[in-house]
Amino acid sequence: MQKHAIWHVPYDAMAYPISDDRLEIVLRAARGDLRRVEAVYTDRYTPHARTSSTRLWIAGSDGLFDYWRGSMKLQYGRFMYYFELQDDEKRICYGEGGFSDEPPQDEPWTWCFQYPCIWYHGGMDDPPKWAQDAVVYQIFVDRFANSDRANDPPGVSRWGTLPTPRSFSGGDLAGIIEKLDYISSLGVSCLYLTPIFLSSSNHKYDTIDYYHIDPHFGNEDTARHLVDQCHARGIRVVLDAVFNHSGYDFFAFRDVVKKGDASPYWKWFNIHGYPVRTRPKPNYETFGPGIWQMPKFRTDNPEVRDYLISAAEHWTRTLDIDGWRLDVADDVDQGFWREFRTRMRQIKPDILIVGEILHDASPFLRGDQMDSVMNYPWRELCLDYFARRRIGTADFADGITATAMHYRRQTQYAMWNLLGSHDRQRFLTACRGDTARLMLATTFQFTYTGTPYIYYGDEIGLKGGEDPDCRKCMPWEEDLWDLDLLEHHRALARLRAEHPVLRRGDFASLIADGPDSPYVYARWDDDACIVVALNNTEEPQTVNTKLVAERMRKTHELEQWAGMPMKQIFSLHGDNTGQGRSDNTQASMSAVGENCGRHVVGLPGMGAAVFQVQS
């Protein structure tokens, strides 16, 4: 038994409540090392009481580890527990005190893991339920649609002109309202807007006034009309909160520039000397090195905290928005986000709070700060697999598991799984213009656990390099659109809407046996099961349905679906020309195998198939 690989801690993503009396637990072990894992538990205040036990099952594996998962239930939700581990040779016990042939009998509480008490808060620590069902559409406001020419900034560029870091294109809130029918046709149920508050830039991430909407975008009435129109279509609205830093012309920073340490606001920022200087480099802390236009807040200051959170409270109430996306969230004091969450949930119990964090975000997703984050590690895996072709199927599947296991299971269903954003090269450009790769990636995006996230224009084939090229104007001439790609997004949204298991079901990799292997995985719950097969190569491949059934039988709760006939409900056909198409078909997996005389399903190059298991 490889003891050095075995790991459990009684908190974070390894021990978390899923109800008032049930605790989900995860144990890590070396891949392929253990044959059986059980958790033995009792009430922590009655250590000599009769124990209960529950079996753990492998929830997923990466290149090094298996992750065993199960749950324990006690009336009062206070647990003392240890694990019984079995490999091919022996049984051993594992607790907080280490490894032992048997748990100590005299004072077991000193050796066992302890989970003191479940505070489930009625599920308030979990993401709101609607987030599991969402399809997010991100809009960079200045570049999406220009309706009101009267509010255009001076020197506005002609629509469609290649953007520069300082150019304006005139997009506004009224333009978004005009295009809501188009947005709704994509199956979108959550609209995320980059900042809309007063700023001197096109991107608005250097806020001047947190209480005024930028007049080049519209006014408060326009914003409220946009939210109302979205709600009428069943679309939630998430705004961008830029609380890590302000703009140079923010009133408090201007007062510090003018008065130095005599200003009542000088402790709102980290000023390294007076007078305040911007050159040759700023003598105050900024968003990034040398970015003098964005002085960084001291978000541990109670005055700063109250000012900014009060602004968020104002707009949450005034506009009736449904969520906030938090810019540069991991640079902000975590105490700030705890207070932010408490105050936002008091206004709207199902408000969604999503952080921009580029790496592992587990410290922020414990249920006391954020509900979700923009899932950039997931995006990097998709880039390396579908777009750049730097990794093969086995490594991709391992990476997907490793990334997911950082977080509580509830959180995984609300992660914003993005392929593109306003800060990164567009995914189609990373694919070197190969639409088939993008189609395959979006097929995975819409059938994997979490929230599909569309960056405006990706759905019609918009290309772009790094900022500002990734922020081009949305072309509204349909002859410039890739209509196959557009219909592909719509078909995937319909598929996800029609099958709740794709939104709320469990996930397991079934086949990922080498670099060029098809990737086959399942989504299931108590009522339904769907199997997805992807071929990320240009050559046709086959999937052995007997192998699929065999792998299903090895996955707890999925074994009940093994061997049942499967009806194809969606397919993606690619070729070597960089083109692709998706459609809904009604072929049977078992019939395909019979017709071929073999138990196989064929996948074309860069193709995919989605099957519904017939119970």
For this session: Identify all residues within segment 184-196 that are of a type outside the set (Ser, Thr, Tyr) and farther than 22 Å from ALA241 by Cβ; write none if there are none.
Result: LEU186, GLY187
For this session: Within segment 267-301, track down each residue that is surrounded by 20 or more Cβ atoms within 10 Å (Cβ to Cβ) and either among the hydrophobic types (A, V, I, L, M, F, W, C) or farther than 24 Å from GLY335 by Cβ (or both).
Result: TRP268, PHE269, ILE271, VAL276, PRO282, PHE287, MET294, PHE297
Exercise. Can you find even one residue in segment 26-44 that is assigned to a loop (DSSP other than H, G, I, E, B) and farther than 26 Å from ARG553 by Cα?
Worked result: yes
Exercise. In segment 478-493, is there at least one residue being assigned to a loop (DSSP other than H, G, I, E, B), modelled with pLDDT of 95 or more, out of contact with any Lys or Arg (no Cβ under 6 Å at 6 or more places or on another chain) and buried (at least 19 other Cβ atoms within 10 Å of the Cβ)?
Worked result: no
Problem set entry | Among (1) surrounded by 15 or more Cβ atoms within 10 Å (Cβ to Cβ); (2) within 28 Å of the chain's Cα centre (by Cα); (3) among the aromatic types (Phe, Trp, Tyr) - the single one PHE168 does not satisfy | (2)
Problem set entry | Options ARG426, ARG389: the member that is charged (D, E, K, R) and at positive phi | ARG389
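Residue by residue through segment 508-563, note down the ones that are β-branched (Val, Ile, Thr) and outside any loop (DSSP other than H, G, I, E, B).
Selection gives ILE511, VAL520, ILE530, VAL531, VAL532, THR542, VAL543, THR545, VAL548.
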Exercise. Scanning for something touching a Gly at 6+ places or on another chain (Cβ under 9 Å), β-branched (Val, Ile, Thr) and at pLDDT below 55, does segment 585-594 turn up at least one residue?
Worked result: yes
Seminar exercise, completed: The correct count of residues that are part of a strand (DSSP E or B) and aromatic (Phe, Trp, Tyr) in segment 210-228 is 2
Seminar exercise, completed: Going through segment 51-64 in order, the residues found to be hydroxyl-bearing (Ser, Thr, Tyr) and either free of Cβ contacts under 8 Å to residues at least 60 places away in the same chain or not in a strand (DSSP E or B) (or both) are THR51, SER52, SER53, THR54
For this session: Filter segment 437-469 for residues that are farther than 29 Å from GLY505 by Cα and open to solvent by 10 Å² or more (accessible area, probe 1.4 Å) and give the result.
Result: GLY461, LEU462, LYS463, GLY465, GLU466, ASP467, PRO468, ASP469
For this session: With the condition kept exactly as written, say whether any residue in segment 40-60 is on the phi < 0 side of the Ramachandran plot, within 31 Å of the chain's Cα centre (by Cα), open to solvent by 30 Å² or more (accessible area, probe 1.4 Å) and among the charged types (D, E, K, R).
Result: yes
Exercise. Within the bounds of segment 272-287, is there any residue that is in a loop (DSSP other than H, G, I, E, B) and within 27 Å of ARG143 (Cβ to Cβ)?
Worked result: yes
For this session: Considering each residue of segment 229-271, count those that are more than 20 Å from HIS212 (Cβ to Cβ), assigned to a helix (DSSP H, G or I) and among the charged types (D, E, K, R), and give that number.
Result: 4
Seminar exercise, completed: Residue count, segment 380-394, condition open to solvent by 10 Å² or more (accessible area, probe 1.4 Å) and within 19 Å of TYR455 (Cβ to Cβ), comes to 4
Problem set entry | Restricting segment 302-328 to residues that are under 26 Å from ASP371 (Cβ atoms) and of a type in the set (D, E, K, R), the residue that is surrounded by the fewest Cβ atoms within 10 Å (Cβ to Cβ) | ARG317
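The values are calculated or read from the model by the stated rules, or taken from the named source; none is laboratory data. Here the structure is a predicted model, which is why all the values come from computation and not from measurement. Cβ coordinates were reconstructed from backbone atoms using ideal geometry, including for glycine residues, and neighbour counts include every protein chain displayed. All accessible areas refer to the heavy atoms of the entire protein, side chains included, with ligands and DNA or RNA removed. Shrake-Rupley method; radii C 1.70, N 1.55, O 1.52, S 1.80 Å.
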